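The values are calculated or read from the model by the stated rules, or taken from the named source; none is laboratory data. The structure displayed is predicted, hence computed values, not measured ones. Cβ sites come from the backbone with ideal geometry, for glycine too, and all protein chains shown count toward neighbours. The accessibility values were calculated without ligands, DNA or RNA, using every heavy atom of the protein model including side chains. Shrake-Rupley method; radii C 1.70, N 1.55, O 1.52, S 1.80 Å.
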Amino acid sequence: MKIVISGATEIGLQFAKTLTATNDVRIIESEARALKQLEKFDLQVITGNPTSLISLQSAEVENADAFIACTASDEVNVISCLAVKQISKAETFCFVNKDHYFETFAGELGEKLAIDKIIWPEMLLGEYIAKIIAVPGAIDVKVFEHEDLKQLEYKLKPGSFAIGKKLMDLKIPRGVLAVAIFRGEDVIIPRGQTILFKEDKIIFMGHERPMREIESRFNPTPDKILNVIIIGGGNVGYILAKSLEEYKHIRVKIVEKNMARCRFLTENLSEDVLVLNADGSSTSFLKEQQLDMCDCMVAVTGADERNLMVSMQAKLLNAKKIITRAHSIENSEFFDKLGIDVTVSSQFNAVLNVSKLISEDSIDVFTTIEKGKAEIVEIIVPEKFPPTMLMDLKLPDGVVIAAVRRGSHTIVPCGVDKIQEGDTLRVFLATVTSEVITDFLNDVVAKSLEPAPEA
């Protein structure tokens, strides 16, 4: 695909890193320091202003499939997207940082102005964290609407029932697959004999109903009221608290030190949400909150340093699950290594969402796992592929077929299930690329069409 990116911000650089391998990417930037960072990427750089017609034409935006506006200025992003829609059929993705821009352009006015997609990273992040909190014990949750598919990730903490057991001993129900285990920096494709260790991260994928059984095993008290404390009442904290209002089994406290912001939170959140005017990074305050009785502590203040400090204190105070926001993607990786249960980045999360929307249909990134260490992609089985049982496929190492989409139905397969031409495969990739799997499937077709040897 031909993709034009406006702005070599941290989000823009992450897009460049994610998209350049398989797409024709151009980026518009004028700031000297940002231009220097682009030298490590294999892409075309247009030095200029994205609101300039000359710059847009130099990037050949009229032939682009997608235009991503992610400069630091909401105004520049909006104007450049509007300009692109006048000269191109490219799908436009406009990043905004202010809530009033999102509310204005995502509504009726936005439809009239024809911007295809308004992205407010903080809203995406708040809603994403809410999904994680709603499944006790899980450190990542993805629900694929209209697919009857769910993906859960669990980390085996000390005392977990699964530590020391073989995967087969977990008696995973039909309709669920354990697609991967992350052990330190290693990615393991699990088999029945795989032994589970402390700190392993296990990825399950399956249908909603049998996945409830997995949830119950990792959370033996499903009717328990969950106590959640949110440190930081900014946009992400507010959106998170608002998203959690729909869950009747979750009690929320939100801590904000700015009194004016506390008044806003009190006026706009349910009366069931307790708003505290306090410094959430204060050691004495955190001790008073009895974090050992807290099911989840979320640090989403405006500073990575404060979020990390709060999270490390919560860890010492034995909070059951800790979710920490890292504004910088690099800091996100650092926080993970320090043992934070879940580290989230609004920037990384937004990049993944947009990248999925603009991927080619034939090989589409379905979801990225563990911040890019592995991914699940969509691959369409080619024409004339002979119906073949999974156990007979002899897939390359580092590959698991996690689900099969056939017509309006999705199958979570076992070894005796067959794949056939036209199926859309959800393929977990740990050590190979999607092109390797596509070539593998084409080779199967070629061999099946070879004439049978003469007797």
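Calculate what fraction, in whole %, of the accessible area of the chain sits on carbon and sulfur atoms when a 1.4 Å probe is rolled over the protein chains. Carbon and sulfur atoms account for 51 percent of the accessible area of the chain.
For segment 403-454 and segment 18-86, what is the separation of their Cα centres, given in Å? The distance from the Cα centre of segment 403-454 to that of segment 18-86 comes to 37 Å.
Length available on full extension from Lys337 to Gln57: 0.36 nm per residue minus the Cα-Cα distance, which gives 96.4 nm.
Counted by Cβ distance under 13 Å from Ser243, the other residues give a net charge of -2, where Lys and Arg count +1 and Asp and Glu count -1. Residues whose amide H comes within less than 5 Å of that of Cys294, counting only those at least five positions distant or on another chain, are Lys320 (H built at 1.01 Å from N in the peptide plane). Entry note, the chain: the mean residue ellipticity at 222 nm calculated from DSSP H runs of n ≥ 4, each adding -39500 (n - 2.57), is -9500 deg cm²/dmol after division by the residues and rounding to the nearest 500. The accessible area of His409, taken with all protein chains in place and a 1.4 Å probe, comes to roughly 120 Å². Roughly what would the spin-label model give for Asn349 and Thr283, points 7 Å off Cα along C-beta, in nm? According to this spin-label approximation, the distance is 3.1 nm.
Across segment 188-198, coupling constants 3J(HN,Hα) worked out from phi with the 6.51/-1.76/1.60 Karplus curve, θ = phi - 60°, read 10, 7, x, 10, x, 8, 5, 8, 9, 10, 4 Hz, and Gly and Pro carry x.
The mean sequence distance of close C-alpha pairs (under 8 Å, at least 6 residues apart), as a share of the length of the chain, puts its relative contact order at 10 percent. In this simple spin-label model, placing a label point 7 Å from the Cα along the Cα-to-Cβ direction at both Lys2 and Glu147 gives a separation of 3.0 nm. Checking [x] 35, 28, 21; [y] 36, 33, 19; [z] 43, 31, 19 against the coordinates, the calculated semi-axes √(5λ) of the Cα gyration tensor in Å falls under label [y].
Note on segment 113-191 and segment 254-317: Cα centroid distance 26 Å, given to the nearest whole angstrom. When both bridge partners sit in the chain, DSSP labels roughly 55% of those beta bridges antiparallel.
One chain, two ends: Asp116 and Lys89. Fully extended at 0.36 nm per residue, the span grows by 8.7 nm beyond their Cα-Cα distance. Here each label is just a point 7 Å from Cα along the line to Cβ, and for Lys131 and Asp186 those points are 3.0 nm apart. Given R₀ = 51 Å, FRET efficiency for Glu199-Gln37 by Cβ-Cβ distance, to 0.05? Efficiency, from the Cβ-Cβ distance: 0.90.
Length gained on full extension, Gln290 to Asp443: 49.1 nm, using 0.36 nm per residue less the C-alpha separation.
Shown is the FRET efficiency for Lys384 and Ser30, computed with R0 = 56 Å from the Cβ-Cβ distance and rounded to the nearest 0.05: 0.65.
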